[in-house]
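See below for the structure under consideration.
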Amino acid sequence: MSDMTANATLSQAHVETEKVFASLAAYQHALASHVDWLQSWYSSVLNWHDRTHPTPPADQCRFTAWFDAAGQSALAVYPAFAELGQLHHEIHFKADQITERAAEGHTITTSDYEAMMSLVLAFSTAAQGLERDAWRTLATVDALTGLGNRQTMMSHLIGERDRAMRQKQPCCVALVDIDLFKKVNDTFGHTEGDRVLRAVAESLRRNVRPYDVLYRYGGEEFLICLPAATPEAGRQVLERMRSAIAALGITSATGKPIPITATFGLAELSADLSVEESLDRADTALYDGKRAGRNRVAVWS
């Protein structure tokens with residue numbers, strides 16, 4: 001995968017955290033159903049001759065129904081998702097084979113049980129991997145906006161700076177601050193403030209280029225990484241974002257307008273500066289824009 005393709009993938013990774021949590025809850029219920037079915041099946045096979053444990057029907061295991069319905073869920077993007085579906089199918093297929101052998105009076109061999117155990121262990125490993133991948137994703141995003149969080153931002157920016165140096169391409173970084181956001185919270189309350197933050201984040205996401213990457217920097221601030229952008233090209237992208245935010249037309253729950261604007265500070269990621277120094281320059285440009293009247297794009301000079 002090329003650096004630019006990797007960046008494009010990152011920029012699209014807008015995670016709707018509530019949907020991920022809901023998907024995880026449904027997934028855990030489906031796993032529990034699968035475990036219950038498997039235990040019932042084992043009991044039925046072990047006690048086949050006295051028939052004290054009838055074979056549980058396949059539809060008692062709700063994992064297949066969950067899997068079929070989860071094709072568009074937040075978990076379906078992970079490689080382990082498809083692997084789980086295949087392993088679950090193989091487990092039930094093997095269980096049917098063993099059950100049929102028992103019904104025909106054949107002895108269930110050690111190799112039968114070993115084959116089943118191998119599938120069950122592979123399923124368990126994939127199930128743990130899928131859940132681990134989902135939690136790892138949640139740890140890298142801001143829960144309110146679904147954008148990348150500050151903890152993961154720095155390693156990506158260092159990688160972008162190194163790539164720009166290697167390929168001798170420009171790269172810019174921008175800080176965005178919602179103007180007078182404290183007044184929004186004081187006037188309309190923090191619930192409305194959170195709604196404003198989500199709306200601004202979504203507006204930024206809709207207006208970045210395919211390979212730009214967004215982060216929530218903290219509070220009412222966001223960070224945008226603009227690969228292959230000169231300061232002039234970066235300014236044009238940011239002007240589009242600034243105009244879109246100013247045109248959001250957000251209203252409170254009571255229908256009262258909440259006027260929102262944002263100020264942007266832009267600086268280059270330079271070979272002769274650390275990432276921290278470039279961020280300091282973007283921050284300086286941002287506050288130059290604030291002092292000049294807000295709702296504008298300022299470039300470090």
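The values are calculated or read from the model by the stated rules, or taken from the named source; none is laboratory data. These numbers come from a predicted model, not from an experiment. FYI the Cβ positions are ideal-geometry reconstructions off the backbone, even for glycines, and counts take in every protein chain you see.
Given the criteria surrounded by 14 or more Cβ atoms within 10 Å (Cβ to Cβ), part of a helix (DSSP H, G or I), touching an Asp or Glu at 6+ places or on another chain (Cβ under 8 Å) and modelled with pLDDT of 90 or more, does I98 qualify?
In short, yes.
Just checking, which of F123, F222 is in contact with a helix residue (DSSP H, G or I) (Cβ under 7 Å, 6 or more places away or on another chain), closer than 30 Å to Q28 by Cα, of a type outside the set (A, V, I, L, M) and modelled with pLDDT of 95 or more?
None of the others qualify; the one that does is F123.
Do the conditions hold for V45, that is, is it modelled with pLDDT under 90, β-branched (V, I, T), assigned to a helix (DSSP H, G or I) and surrounded by 14 or more Cβ atoms within 10 Å (Cβ to Cβ)?
Answer is yes for this residue.
This table checks each residue for (1) within 28 Å of the chain's Cα centre (by Cα); (2) within 18 Å of G146 (Cβ to Cβ); (3) of a type in the set (D, E, K, R).
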{"residue": "G193", "(1), (2), (3)": "yes, yes, no"}
{"residue": "R205", "(1), (2), (3)": "yes, yes, yes"}
{"residue": "Y211", "(1), (2), (3)": "yes, no, no"}
{"residue": "R216", "(1), (2), (3)": "yes, yes, yes"}
{"residue": "I260", "(1), (2), (3)": "yes, no, no"}
{"residue": "S278", "(1), (2), (3)": "yes, no, no"}
{"residue": "A282", "(1), (2), (3)": "yes, no, no"}
{"residue": "D288", "(1), (2), (3)": "no, no, yes"}
{"residue": "N295", "(1), (2), (3)": "no, no, no"}
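Here are some residues: A126, A115, A122. Which one is under 30 Å from H34 (Cα atoms), in the same structural domain as Q86 (by TED's automatic domain parsing) and surrounded by 17 or more Cβ atoms within 10 Å (Cβ to Cβ)?
Answer to the check: A126.
Take the conditions surrounded by 13 or more Cβ atoms within 10 Å (Cβ to Cβ) and either at pLDDT 85 or above or not in a helix (DSSP H, G or I) (or both) and apply them to L10. Does it pass?
Spelling it out, it is not the case that L10 is surrounded by 13 or more Cβ atoms within 10 Å (Cβ to Cβ) and either at pLDDT 85 or above or not in a helix (DSSP H, G or I) (or both).
Return the residues of segment 249-287 that are in a helix (DSSP H, G or I) and either more than 26 Å from A199 (Cβ to Cβ) or not assigned by TED's automatic domain parsing to the domain that holds E220 (or both); say none if nothing qualifies.
V275, E276, E277, S278, D280, R281, T284
Scan segment 249-258 for residues that are over 18 Å from H190 (Cβ atoms) and surrounded by 10 or more Cβ atoms within 10 Å (Cβ to Cβ) and report the count.
Adding up the residues that qualify gives 1.
Look at L180 and say whether it is at pLDDT 95 or above and closer than 24 Å to T17 by Cα.
For L180, the condition - at pLDDT 95 or above and closer than 24 Å to T17 by Cα - is not met.
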